1. Pairs only if they're at least six apart or on different chains, beta carbon under 7 angstrom, first in the range 58-76 and in the same structural domain as Leu127 (by TED's automatic domain parsing) and touching a residue at least 24 places away in the same chain (Cβ under 8 Å), second surrounded by 15 or more Cβ atoms within 10 Å (Cβ to Cβ) and among the charged types (D, E, K, R); list them, first residue then second.
2. Could you grab the pairs with beta carbons closer than 6 Å, sequence gap of 6+ or different chains, first residue in the range 157-185 and more than 13 Å from Tyr33 (Cα to Cα) and small (Gly, Ala, Ser), second one modelled with pLDDT under 95 and part of a loop (DSSP other than H, G, I, E, B)?
3. What are the residue pairs meeting all of these: first residue in the range 133-148, first residue in a loop (DSSP other than H, G, I, E, B), second residue at pLDDT below 90 and of a type outside the set (Gly, Ala, Ser), Cβ atoms under 7 Å, and 6 or more apart or on different chains?
4. Is it the case that some residue within the range 51-64 is farther than 30 Å from Leu182 by Cα and touching a Leu at 6+ places or on another chain (Cβ under 6 Å)?
5. May I ask you to verify whether Lys99 is without any contact (Cβ under 8 Å) to a residue 12 or more places away in the chain, exposed (fewer than 14 other Cβ atoms within 10 Å of the Cβ) and on the phi > 0 side of the Ramachandran plot?
Amino acid sequence: MRSILTSALLLAALGACQPAITTAPRQVHSVGYGHVTVYPNYAELTVDAAFTRPRLKDAVAEVQRVVDQVLAVSKRYAPGRDDVRVSSTSSNKEFDYVKGKEVFTGFNSSQSVTVRINDLRQLSPYLEELLATPISRIKDLSYGHNQADSLRREADVLALADAMKTADKMCAALHVKRGAVLDISDSSSPESSNAPGWGRPSADIELYSKGFGGRGFKLSPELLRFDSQCHLSAALE
């Protein structure tokens, strides 16, 4: 009798140590999309000045002369404290190949000025004045919006609402009710133009021949689009 009682107690103890078997709650998973489209309200570009001269001091002096002209023009169109940024001067020896031999051609000096134009109506006249100076290149001309963070968050909210709406439609089709939201994850894209591909549209303009001299110069920016995608999981009642 004692043996039977001991065995029963051991089986009860082993049963208490086994993990409880739980079933995962039924869930519905959906994806939502949101986007906000706006017109850009600022432009940013970089102006390069680069010259090669037999003597280094002449190359540096020529670059400084042109950069001073660029700064004088830029500060009229970009008067903000942080709207104009100047890089340090870079100088190197420059070589060319003549009849298969490397030949020293002089010292190259270069410097860049990055400018933000907050009034797009001023962009065309600003570029026309820049082209009247002996600059080497206009590069990384791109457009953006100064409320980009808020616009991304707005796209996130729209994506969440779309995911909730999709989940409710799926539940209605299954004749069940959506319960509490269990998990949400979202991802936002950087602003992009309506053209294919991500990232802000930009342009580079080489000015070796100065072919733009005396003619109008105008760039029309495309709309910026902020996209967001939301993944949602909710319980089923």
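The values are calculated or read from the model by the stated rules, or taken from the named source; none is laboratory data. Keep in mind it's a predicted model, so treat the numbers as computed, not measured. Reconstructed Cβ throughout: ideal geometry from the backbone, glycine too, with neighbour counts over all protein chains shown.
1. Ala59/Arg53; Glu62/Arg53; Val73/Glu129
2. Note: pairs meeting the criteria are Gly179/Glu237.
3. What qualifies is Ile135/Leu207; Ser136/Leu207; His145/Glu191.
4. Pass one, the range 51-64, residues farther than 30 Å from Leu182 by Cα: 51-64.
Now restrict to residues that are touching a Leu at 6+ places or on another chain (Cβ under 6 Å): none.
Checking the range 51-64: not a single residue is farther than 30 Å from Leu182 by Cα and touching a Leu at 6+ places or on another chain (Cβ under 6 Å).
5. Numbers: without any contact (Cβ under 8 Å) to a residue 12 or more places away in the chain: yes; exposed (fewer than 14 other Cβ atoms within 10 Å of the Cβ): yes; on the phi > 0 side of the Ramachandran plot: yes.
Here the answer is yes, as Lys99 does meet what is asked.
A quick yes/no check of all residues on (1) surrounded by 15 or more Cβ atoms within 10 Å (Cβ to Cβ); (2) of a type in the set (Val, Ile, Thr); (3) at pLDDT below 90:
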site	(1), (2), (3)
Arg152	yes, no, no
Ala161	no, no, no
Thr166	yes, yes, no
Ala172	no, no, no
